[in-house]
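The values are calculated or read from the model by the stated rules, or taken from the named source; none is laboratory data. Quantities reported herein were computed from a predicted structural model and do not represent experimental measurements. When we count neighbours, we look across all protein chains shown, and the Cβ atoms used for this are built from the backbone with ideal geometry, even at glycine.
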Amino acid sequence: MKTTIHTHATPTAISHAARAIREGHVAVIPTETVYGMAADATNPMAVASIFRAKGRPSDNPLIVHLADAEDTEKYAYTSPLFWRLAEAFMPGPLTIVLPKRDIIPDIVSGGLSTVAIRVPVHPVAREIIRVAGVPIAAPSANISGRPSSTRPQHIIDDCCGKVSVIVCDGASEIGLESTVVALDGDGIVILRPGEVTLEMLRTVSDDVRFAEHNPDVAPISPGTKYKHYAPRATLILVRGNSDKVATFLQEKSQLDRVGILDSCEADTLFAELRNFDEQSDIHTIYAPYPTEIALENRLLKAAQGNILEI
Ligand code: TXA
Ligand code: MG
């Protein structure tokens, strides 16, 4: 497939991506969290193209992106708690799972009766959605099993030849995917931690908790059951007294074929993990155990549970 790459989010790029999406094609667009692989959420054929391009399992549902929270009622059944959350965090890096209306096809929801709604704050994303005039289904724009794409070069590496249009707009500001929550009465259940933290959600409801991962029951957020990205090298998270950890990492950094992920920051994490994959001679990567929950969530998956206590 011929892919048109716009290296900057010019008005031409924005209208090209919006038109492609409206016509049933797939476009990669920037958001404040990570880049998204976008198609018309009301067009099952267009959404099927996303699954093909990403190589994604078809029961893993997609987030529907809207230009304004006010549009949510067209696609889902809202509640007072939804509106309180929307008031506080939309637009922004929060995704809310709601009962879906029939206009959202089953391919978007992976056969679930719910739909995940997000209103990005990134001005280019919002403008593309607004001009396209349709709700946009968009997973992170990486090939399944690779780290989410947060840099134009990652998008080009992963998506060139697989999508119609790519709109680049520099590095993603946040660098981690949105917080995903489900609503349970007046309670908020965090399905995927992110930039909007538990403490922030507590400003809206007293009852905020993390989803329990019981492998015997179907996961409420299907994405959590898939094997996630792990680097080619063995990643080991090092936990303990911070001086000891620093000394340990310093010593290891002298060794050949060892990588150190020493500044675990959300905005550079996925980019650094991709860099290690490109330095194919590295066999072990050490990283300090992260203190922040969203980073811990992503790094524990990438490390496949490898923790070294010192
Ligand atoms: O920041 C983000 O959320 C990015 C940008 C592009 O917006 N998108 C993103 O999409 O990370 P994706 O497809 O990589 O992750 C969506 C997550 C998955 O874990 C999926 O299982 C969950 O949201 N999800 C989607 N619809 C759901 C639903 N109806 N119920 C429960 N979980 C859902
Ligand atoms: Mg993803």
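Some points to look at:
- Count of the stretch 80-112 residues, restricted to those that are part of a loop (DSSP other than H, G, I, E, B), exposed (fewer than 15 other Cβ atoms within 10 Å of the Cβ) and touching a residue at least 40 places away in the same chain (Cβ under 8 Å), is 2.
- Which numbered condition PRO120 misses (of (1) out of contact with any Pro (no Cβ under 9 Å at 6 or more places or on another chain); (2) within 16 Å of ligand 2 (Cβ to nearest atom); (3) closer than 19 Å to ALA18 by Cα): (1)
- Residues of the stretch 258-305 classified as β-branched (Val, Ile, Thr) and under 22 Å from PRO93 (Cα atoms), total: 3
- Yes/no for THR4 being of a type outside the set (Phe, Trp, Tyr), in contact with a His (Cβ under 8 Å, 6 or more places away or on another chain) and away from ligand 2 (no atom under 16 Å from the Cβ): yes
- Residue that is nearest to HIS154 (Cα to Cα) [pool: residues in the stretch 20-33 that are surrounded by fewer than 24 Cβ atoms within 10 Å (Cβ to Cβ) and in contact (Cβ under 8 Å) with a residue 12 or more places away in the chain]: GLU32
- PRO139 vs. criteria in the same structural domain as VAL108 (by TED's automatic domain parsing) and in contact with a strand residue (DSSP E or B) (Cβ under 9 Å, 6 or more places away or on another chain): yes
- Take the conditions (1) outside any strand (DSSP E or B); (2) farther than 19 Å from PRO44 by Cβ; (3) near ligand 1 (Cβ under 10 Å from one of its atoms); VAL121 misses just one of them, which is (3).
- Hey, VAL115 more than 9 Å from ligand 1 (Cβ to nearest atom), on the phi < 0 side of the Ramachandran plot and part of a strand (DSSP E or B) or not: no
- Residue match in the stretch 78-89 (condition: within 25 Å of GLU195 (Cα to Cα) and within 16 Å of ligand 2 (Cβ to nearest atom)): no
- Pick from the stretch 45-60, criterion closer than 15 Å to PRO135 by Cα and surrounded by 15 or more Cβ atoms within 10 Å (Cβ to Cβ), ranking: nearest to ligand 2 (Cβ to nearest atom): ILE50
- Of the strands (runs of 3 or more DSSP E) lying entirely inside the stretch 126-194, those containing at least 2 residues that are within 16 Å of ligand 2 (Cβ to nearest atom) and within 17 Å of the chain's Cα centre (by Cα) are 179-184, 187-192.
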